[in-house]
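Worksheet: one structure, shown below.
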Amino acid sequence: MTKSKHQAVGVDIGGTGVKAALVDVRTGELLSDRVKTPTPAGGEPDAIRDVVVELVGRLDARDDTPIGVTFPAIVRKGRTMSAANVSKAWIGLEAERLFEDALGRDIHFVNDADAAGFAEDHYGAAKDAKGLVIMTTLGTGIGGAFIYDGVLIPNAELGHLELDGAGAETRASNKVRETEGLSWEAWAERLQRYYSHLEFLFSPDLFVVGGGVSKSSDEFLPLLRLDTPIVPAMLRNNAGIIGAAALARGV
Ligand code: BGC
């Protein structure tokens, strides 16, 4: 088997940036530099499609390398069914086909937090975990993923759980922390309510906390009082790329 049999491209589309890399799916390591560009203002389908094509073109990957693409919305049968932090034009759109037509080949299309959770479960912070792992990504919104004994249960929209009368991500995302200028302590109070609620509802065995802010996890995770172990993501901002690539290769 040639080395390229273990390679796949991962593209991670977020509310703030779009990034891509070539991945070794045996180890979850990046084989290329990470190429990145800001998400086009307005988050319109055609603009994001063009950015994805441009980024994939910058990677030195063979034409038959599988491609996985993540998106920050509910993904059902290749369609995007919600749009919390991107243009509403995505709702109901055949997004997988949009990217396939533009790239000229099949892709694997998946929710961003699902891809990140899958990656952490296979290569990262939840590698040896048994039972229910709940991945949450604290970023522009809040993403959620359920992985039970290694099996991904897709589209757990945990950022939209109601918290104090509002969608949780409008109270406790990292973007809210930044825009409201919350101290770590003030933010941790909101996270405490959020994770306690998740714990009560789902009795998980492990929480993994991802998103760019997970690199500062020492500032807020020790402030939380939960019965469930809660750990920072290991793959940090690359988890979506790695998970998309692994799912595209059928790991
Ligand atoms: C979306 C999710 C997404 C999360 C993180 C939420 O607003 O509804 O689908 O996973 O943001 O990007």
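Things to note:
- Ellipticity estimate at 222 nm from DSSP helix runs (n ≥ 4, -39,500 (n - 2.57)) divided over the chain, nearest 500: -9000 deg cm²/dmol
- Mean-position separation - Cα centroids, region 55-80 and region 207-251, in angstrom: 21 Å
- Residue list for region 168-203, given a label point 7 angstrom along the Cα-to-Cβ vector of E162 and an amide N cut-off under 13 Å: 168
- When its C-alpha radius of gyration is set against 2.2 N^0.38 Å (N residues), region 128-233 gives a value of 0.99.
- Debye log10 I(q)/I(0) at q = 0.17 Å⁻¹ for the chain, Cα point scatterers: -1.26
- Across region 172-224, the convex hull enclosing all Cα atoms gives 77 Å³ per residue.
- For L93, the amide hydrogen comes within under 5 Å of the amide hydrogens of T80, counting only partners 5 or more places away or on other chains and with H modelled in the peptide plane.
- Under the combined filter of DSSP loop state and at most 14 neighbouring Cβ atoms within 10 Å, region 1-68 retains these trypsin sites (Lys or Arg not before Pro): R26, R62.
- Gaussian network model of the chain, Cα within-10 Å springs - most flexible of L132, L201, L59: L201
- The equivalent ellipsoid of region 1-104 has semi-axes of 25, 14, 12 Å, largest first, where each one is the square root of 5 times an eigenvalue of the Cα gyration tensor.
- Charge tally for T70 (other residues, Cβ to Cβ under 13 Å; Lys, Arg +1; Asp, Glu -1): -3.
- Mean-square fluctuations from a GNM of the chain, with a 10 angstrom spring cutoff on Cα atoms, peak among G211, G68, G43 at G43.
- Residues L31, L224, sorted so that the one with the fewest Cβ neighbours within 10 Å comes first: L224, L31
- GNM flexibility winner over the chain from S196, S217, S183 (Cα, springs under 10 Å): S183
- For D227, net neighbour charge (Lys/Arg +1, Asp/Glu -1) across residues whose Cβ lies under 11 Å away: -1
- Long pairs among K130/K175; K175/K215; K5/K36, criterion Cα-Cα beyond 22 Å: K130/K175; K5/K36
Taken together, the values in this text are just the output of simple stated rules run on the coordinates, not laboratory data. Quick caveat, the model's predicted, so the values are computed rather than measured. All Cβ positions, even for glycine, are placed from backbone atoms using ideal geometry, and neighbour counts span all protein chains on display.
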